[in-house]
Every structure is written in C-alpha cells, then in structure tokens.
Amino acid sequence: MRDKMVVPAAGGAERSAARQPGAPGTRRIVLLLLAAALALAAPAHAQESSTALPPDDRWSFALAPYLWMIELDGNATVGGIKTDVDVPFKDSLKDLSFGGMLLGTVRKGRFGFSLNGVFTRVSPDDEVGGVDIDTTSDLAQLAAAPFYRVVDWTYRTDADGTPRRFYLEPYAGARLNYLRVELEIRGGRQFDQNQTWVDPIVGTRFGLDLTDNWLLAGAGDVGGVVTGSDFAWNVQAYLGYQTELFGRETVLSLGYRALHTDYDHDNFKWDVTQHGPIFGTLIRF
C-alpha cells in the first residue's frame, strides 16, 4: 500500500511527503536519478581490445559506442532522505528521455589514452495520492586515463606461424561525475540538488588472443580514497569478435561489468553496486 502524500494549501511552506524516508515520490526520484546510468561512463577500457600493437611511428584511433544494461543494489541519501536502491534494468530505462555514451581511444606504440563521456536525462511523471510530480534528473560523466603496455607476450604460435598474444596495460586517470535532480510538486514547492566530484582511478587492463577472430579482454581498477568517493572499484570482462564492417576493422564485444561507489558528502550519499551485461561495437581508424 502506498504512503499518502500531504500537500499544503496554496501558500503553505511544508512538503511533508518529501521529508518522509521511503515516501513513494521521494524513492522514485532517488532511484531514477541514480539508476539512469550512473556508472556508464566509468572507463570501459576493455572494449578497446586489440592485442596487436600499431607501428611505433603511426597513430591509431578507435571509437566505441556501447550500452550497459545495469541493475543496482545498495542505498542512497538525497536531501537527507535515505532510501534503498534496488533497480532492475527494465525500470532504469523506462523513463529515460535521452542517453548517449561513447569511448574514444588514441594509441601510438605502447602508449595510449582513452576518453569516455556520458550524458543521460530522465524525465518521469509520477502521481502519488492524486498529486502530480514532475522530475528532471541529469547525469554527466567524463573519464580520462592514459595507459602503457608493460607486457606483450606471445604465449603461443599456431602451426601457420600466427602469434597468439597476451598483454597487460596499467592505467591511471580520473573520473568527473555530475549529478542533478529537480523535483516540482504542482501547486507546491520545488526541490533541486546537485553534486560534482572527481575520483582518481588506478588499474590495469588485459587482452588475450583466442583465435583469428575471437579474443578475451577485461579491466579492473580502484578509485576515490584520496578525494571524491570514499572508495570505488570496477571490474569487467568481455568476449570479442574481430571482423570488418564498411571497410573498417571492427570488434563486437559482449561481457559483464560491476562497479561499486561509496560517496558521502553534504548530506548526499551513494553506496551502490551497479552490475549487468554490457555490449559495444569498436571501430578502428
């Protein structure tokens, strides 16, 4: 059974439902704000998964649009209101009005640099106790991380002389996070809050040739601690298929990813693990 929302008469100053922990309207705001795609912009290094290095004198570029089908588990506090976060994938996308995510990578020899950006907007309409609630939730993230190949090992050579490689590429960088939610109760008051923070990240990525077309790739990192989040960790693994589309070398990848973030600042807390399948398409230039 839904809790009732108490809305003041015109000119009233109290918005009691938004102050009750677990009130349906509040819970929906928090879930939609943070479930929209919060971790989608964490560096998806594993999608740039070729094991072969380009020549030392040539730059190579790659673009990879991708989608993470996330589910969320944990708890969040916005404006002093705490709620459990338990969001299946179908609910996180139901009210998504706009979303875009893209990974770009540039490399020369053993050195490379990745830049990953995401923007999402969630604009649901809700009705609780006959009262209309309008919300707008924006998320923007930008992650940047240079990396360097320290291990490039030919672990096997096929009968036709084709080398099968394994690589390790440590990386270190930062992730900028921006989160904003605006709530308006028609005939009542407006609630607006935003948070911006930067998480330093350190980790490594790997790749392994399986056949001419199939490869395995993954990455893992930790972040925060020094500044930003109290602690964050990220792990991911992919199976990739190398092919050619429109005359360009292309990798189609399917895998799984989990990201945990524990951020607490100014009466805003986000302690959630986000996980689920992820797939993408990488095109090299």
- Item | Count of the range 260-275 residues which are surrounded by fewer than 16 Cβ atoms within 10 Å (Cβ to Cβ) and modelled with pLDDT under 85 | 3
- Item | Pairs where the first residue, in the range 193-217, is of a type in the set (Asp, Glu) and the second is surrounded by fewer than 17 Cβ atoms within 10 Å (Cβ to Cβ), C-beta under 8 Å, 6+ apart | ASP199/ALA174; ASP199/THR227; ASP209/PRO163; ASP209/PHE166; ASP212/THR162
- Task: Considering only residues that are among the hydroxyl-bearing types (Ser, Thr, Tyr) and surrounded by fewer than 16 Cβ atoms within 10 Å (Cβ to Cβ), look in the range 188-244 and name the one that is modelled with the highest pLDDT.
- Result: TYR241
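The values are calculated or read from the model by the stated rules, or taken from the named source; none is laboratory data. Here the structure is a predicted model, which is why all the values come from computation and not from measurement. Reconstructed Cβ throughout: ideal geometry from the backbone, glycine too, with neighbour counts over all protein chains shown.
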